[in-house]
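A.B. asks: To start, I am sharing the structure in question, which I have written as structure tokens.
The values are calculated or read from the model by the stated rules, or taken from the named source; none is laboratory data. Keep in mind it's a predicted model, so treat the numbers as computed, not measured. Backbone-built Cβ (ideal geometry, glycine too); neighbour counts: all protein chains shown.
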Amino acid sequence: KSTRDALGELSLLLSYLRWWNLEKHISIDVLMPPSEIYYRGLFFQ
């Protein structure tokens with residue numbers, strides 16, 4: 001279920017980026033681990 005929730009949040013984020021006409025200027029690398037220690041273990045920041 002957590003993967004489905006994470007994908008839903010990513011889909012919502014992308015829809016906002018399209019609404020604000022920013023999707024062409026932003027790249028999302030979902031395989032890149034977060035740099036901060038307190039984000040370790042989370043799917044998305």
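A.B. asks: Report yes if some residue within region 35-45 is at pLDDT 65 or above and of a type in the set (Val, Ile, Thr); otherwise report no. Let's see the steps before the verdict.
C.D. replies: As a first pass, look at region 35-45 and keep what is at pLDDT 65 or above: none.
Scanning region 35-45, I find no residue that is at pLDDT 65 or above and of a type in the set (Val, Ile, Thr), so the answer is no.
A.B. asks: Shifting gears a bit: Residue check: is Lys1 out of contact with any Cys (no Cβ under 9 Å at 6 or more places or on another chain) and modelled with pLDDT of 65 or more?
C.D. replies: When the stated conditions are applied, Lys1 does not pass them.
A.B. asks: Also, I was wondering about something else. When you look at Leu7, is it of a type outside the set (Lys, Arg), within 12 Å of the chain's Cα centre (by Cα) and modelled with pLDDT of 75 or more, yes or no?
C.D. replies: Yes; evaluated as a whole, the condition is true for this residue.
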